[in-house]
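Below is one structure, written out as structure tokens; comments come after it.
The values are calculated or read from the model by the stated rules, or taken from the named source; none is laboratory data. Just so we're clear, the structure is a prediction, and the values are computed from it rather than from any experiment. Note that each Cβ is placed from the backbone with ideal geometry, even for glycine, and that neighbours are counted across all protein chains shown. In case anyone asks, the SASA skips ligands and DNA or RNA and just uses the protein heavy atoms, side chains included. Shrake-Rupley method; radii C 1.70, N 1.55, O 1.52, S 1.80 Å.
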Amino acid sequence: MGKNTTAYLKRVAWVGRDAKLDWAMGMLSDGKILADYDSDLYVQGARAEMNVIAISHYYRRPA
């Protein structure tokens, strides 16, 4: 994404009985990134693991 871009990412997963979710997310940007990842574990045995990397080159000038 370009340096004048502001990105908002939202990912939601509903995990059921004895299920496992593996998140593997990567984000690259020259602008601003806001990310929201949710794993809703609804019943016994539900599991989730999350691996996230974000690399941004955003510079804000001092006031």
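A few remarks follow.
- Residue that is nearest to T6 (Cα to Cα) [pool: residues in region 20-32 that are at pLDDT below 85 and open to solvent by 60 Å² or more (accessible area, probe 1.4 Å)]: K32
- Scanning region 38-49 for residues that are surrounded by 13 or more Cβ atoms within 10 Å (Cβ to Cβ) and within 13 Å of the chain's Cα centre (by Cα) returns a single hit, S39.
- Condition met for D18 (at positive phi and over 14 Å from the mean Cα position of the chain (by Cα)): yes
- Which listed residue is touching an Asp or Glu at 6+ places or on another chain (Cβ under 9 Å) and part of a loop (DSSP other than H, G, I, E, B), from N51, N4: N4
- Selection status of A35, within 10 Å of the chain's Cα centre (by Cα) and at pLDDT 90 or above: no
- Enumeration of residues in region 1-15 that are small (G, A, S) and surrounded by fewer than 12 Cβ atoms within 10 Å (Cβ to Cβ): G2
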